[in-house]
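The values are calculated or read from the model by the stated rules, or taken from the named source; none is laboratory data. Because the structure is a prediction, the values reported are computed rather than measured. Positions of Cβ are generated from backbone atoms using ideal geometry, with glycine treated the same way; all protein chains shown enter the neighbour counts. When the accessible area is computed, the model is the full protein with side chains, heavy atoms only, and any ligands, DNA or RNA have been set aside. Shrake-Rupley method; radii C 1.70, N 1.55, O 1.52, S 1.80 Å.
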Amino acid sequence: MSLPSLVRKRSLASSADLTRERLLDAAAYTFARDGLRGATTREIARQAGVNEVTLFRHFKSKQQLLRAVIQRGLESEAAILDQHSSWKENLRASMEQYAHHYYSHMEKKKGIARAFLAEGQVLPKSMQTMIADVIRPVRERLVLILTDAQHAGVVRNDLNVECALDAFKNTLYAGMLRQGAYLPRNYTTEMYISTVVDIFVRGIERPSR
């Protein structure tokens, strides 16, 4: 292939990548504003500044587009989990780091987080299954990381790790959604996260002898 052809091919690939990112940004915004069911591919394409034909060249359906939005959102969480060796070496610091990341990430995506919570039980079964398939690998990694800390003697042997992690993340999730609602908080977000981590770590740590 000639040099001009290579340059043209790379330029087209770069343009396609940029269009895909614009579509993902537009989809995340529209899902957050209109809900998972209310968002339409026509509106997402309009927000991205392209036509629906272009959208469907990149994503075959709204469900596939939602899948890509969720996957992109989980990338940073997966990166935090890659530092799993420190969890059994310093449980509190690792949980603090994870909690801050999770809370701030959810805060930035508050609109779509609310949509997931409000519509979770009424979405079509195929969409519920798709969402579960996307989030399951990250959830399972987190369970394995804490199970590893349990095997290392850092976490209590009698603890149901999966149940404990659900309680931990749900507390952070609910706190993020409720912040400032109805009654003002007499404490900072930092204090809330630190308190949740402190209660959690104290509850799961293996007692020192």
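The residues Ser86, Ser208, sorted by heavy-atom accessible surface at 1.4 Å with ligands and nucleic acids left out, run Ser208, Ser86 from largest to smallest. Computed from the Cα positions only, the extents of region 40-136 along the three principal axes stand at 51, 29, 21 Å, in decreasing order. Only protein heavy atoms count here; on that basis, with a 1.4 Å probe, Asp82 has an accessible area of about 100 Å². The base-10 log of I(q)/I(0) for the chain, evaluated at q = 0.18 Å⁻¹, reads -1.25 [Debye formula, identical scatterers on Cα atoms, solvent excluded]. Nonpolar atom fraction for region 89-128, defined as the carbon and sulfur part of the 1.4 Å probe accessible area, stands at 54 percent.
Fully extending the segment from Asp166 to Arg37, taken as 0.36 nm per residue of separation minus the present Cα-Cα distance, adds 43.9 nm. FRET efficiency for the pair Arg141 and Ser104, taken as 1/(1 + (r/R0)^6) with r the Cβ-Cβ distance and R0 = 25 Å, rounds to 0.80. Note on Glu52 and Asn90: their simple-model spin labels are 5.3 nm apart, each label 7 Å out from Cα toward Cβ. For the pair Thr129 and Glu205, the difference between a 0.36 nm per residue extended length and the Cα-Cα distance amounts to 24.0 nm. Of the listed residues Lys108, Lys169, the order by accessible area with a 1.4 Å probe, largest first, is Lys108, Lys169. Label positions at Asn157 and Ala174, each projected 7 Å from the Cα along the C-beta direction, are separated by 3.2 nm.
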